[in-house]
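The values are calculated or read from the model by the stated rules, or taken from the named source; none is laboratory data. These figures come from a predicted structure and were not determined experimentally. In this analysis, Cβ positions are derived from the backbone assuming ideal geometry, glycine residues included, and neighbour counts consider all displayed protein chains. We work out accessible area using only protein heavy atoms, side chains counted, and drop any ligands, DNA or RNA first. Shrake-Rupley method; radii C 1.70, N 1.55, O 1.52, S 1.80 Å.
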Amino acid sequence: MGRNRKRKSLWGDIRSWHWISSAICLAGLLMFAVTGITLNHADFVESKASVQSVEKTLPAPLLKTVNRSRNSKTLPLSFEKWMDAHTGLDLNNFELQWSEYELYGKYAQPATQRWFSLDLETGTMYQESVSGGWIAFFNDLHKGRNTGFWWQMFLDLFSVATLIFAATGLWLLKRYAKGRQSTWPLVFAGIGLPALMLFISTTASAAESELTVQIQRQDVAEYHNPYLAIWLADTRHQKLMNIKVLYDGRMANSKGEKWLKDLRLWWRRAGRFATLPIDGVSGATRPPGSFTVNLSPYMNQLTRFPAGDYFIFVEAARELGGRELVKIPLQLPFSSPVQLTRSGRQELGTITLKTEP
């Protein structure tokens, strides 16, 4: 009689953990691989957005009704009906932001954004709906942007399964590496090559085109790091491109965004229309001292603007402090290296722009 062999538990077998985690990861890995390419080559794989806009003037009696509801989390039913009749929007799920001069509402899903702006003095209402298409939809899924609770849960599950897949794969490589001399060189190459490429790319592009901003030290009892906005504008001071927006993004329920309106010019020209945080632009506040913004990633965009005069605006606003705006004139396109310096008086110190064409 042969000996009875005890069957190994499925959950105690490292190979079972590996193939089960790979099965869970399969669809996610395929999607993240494809959207990684579309995000990395956004200039070539463009998502064609469909934009619909409506501009109307609110009747005077209804404007008074809205003004009586200032700072409320809910809107008057008469205004909701008026918006539904003129824009087709259901405002129940809109996030509302009130300021002294404006009511702003937004609602976002992957690849879809709807917002409206109501001037509380003139009654001018502008509404815009943007649909980015399937490429933008999957790109937003990749970033976890405007996706809601259940997709966030899937991302957590996917991340855990990927970690298990990688760890068990490494364990299996160790178990079966004997006799396969190429195993560990390939493993180290898989770790070292991305790090090397990152090092080469960052050192190659650094300090070619940059903006150095000095934040002044203040001799005050209670100091808060200033909010800061840097953007490109035309001669009419219309925003053309956001470069950097620094604010406190760590506050619960995105409360830090509410104080961005203290950057008054940027808020009127760009901030109230932006979806926050702005990809590749938003960042944390900086303490007193100098910091540098690498402009090299923006040079391709700058070359697309018509030849003429432009400004780079730097605006700072500090809680319990002052506000300051500095603008740097420049001409596009760049035909030769440029170095320009301007200085603030209170919140901002020396600001230096260096560019390489």
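Tell me, what % of the accessible area of the stretch 104-156 is carbon and sulfur with a 1.4 angstrom probe?
Working: 1550 of 2610 Å².
The C+S portion of the solvent-accessible surface of the stretch 104-156 is 59 percent.
Angle check, please: helix 77-87 long axis (alpha carbons) against the longest principal axis of the chain (alpha carbons), in degrees 0 to 90, nearest 10.
Helix 77-87 sits at roughly 80 degrees to that axis.
Nearest 10 degrees, 0 to 90: what angle lies between the long axis of helix 14-40 and the longest principal axis of the chain (Cα atoms)?
30 degrees
Spelling out what I want: for every residue of the stretch 209-216, take phi, set θ = phi - 60°, compute 6.51 cos²θ - 1.76 cosθ + 1.60 (Karplus), and round to whole Hz; glycine and proline get x.
The phi angles translate into 10, 8, 10, 9, 10, 9, 9, 6 Hz.
Output the pairs from Lys64/Lys239; Lys64/Lys244; Lys73/Lys244; Lys56/Lys239 with a Cα-Cα distance over 26 Å in this structure; if there are none, say none.
In this structure, Lys64/Lys239; Lys64/Lys244; Lys73/Lys244 exceed 26 Å between Cα atoms.
Return the label of the correct value of Kirkwood radius over Cα pairs in Å, as calculated from the structure shown, out of (1) 22.8; (2) 24.6; (3) 21.7.
Matching entry in (1) 22.8; (2) 24.6; (3) 21.7: (2).
Mean-square fluctuation check for the chain, GNM, Cα pairs under 10 Å: which of Arg250, Arg264, Arg175 is largest?
Evaluated over the chain, the most mobile residue of the options is Arg175.
For the charge dipole of the stretch 54-156, defined by +1 on Lys and Arg C-beta atoms and -1 on Asp and Glu C-beta atoms about the Cα centroid, which residue among Asn92, Gly144, Ala111 has the Cα displaced farthest towards the positive pole?
Result: Asn92.
To the nearest 10 degrees, how steep is helix 133-143 against the longest Cα principal axis of the chain, on a 0 to 90 scale?
70 degrees
Which residue, chosen from Gly308, Tyr126, Ile278, occupies the Cα position most advanced towards the positive end of the dipole of the chain, where the dipole is computed from +1 (Lys, Arg) and -1 (Asp, Glu) charges on Cβ about the Cα centre?
Highest projection toward the positive end goes to Ile278.
For Glu102, list long-range residues whose amide hydrogen, built 1.01 Å from N in the peptide plane, is under 5 Å from its own amide hydrogen.
Result for Glu102 returns Leu120.
Leaving out ligands, DNA and RNA but keeping every protein chain, what accessible area does Lys106 have, in Å² rounded to the nearest 10, with a 1.4 Å probe?
Roughly 40 Å² of Lys106 is accessible to a 1.4 Å probe.
Around Gln127, what is the net charge, scoring Lys/Arg as +1 and Asp/Glu as -1 over all other residues with Cβ under 10 Å from its Cβ?
Summing Lys/Arg as +1 and Asp/Glu as -1 gives 0.
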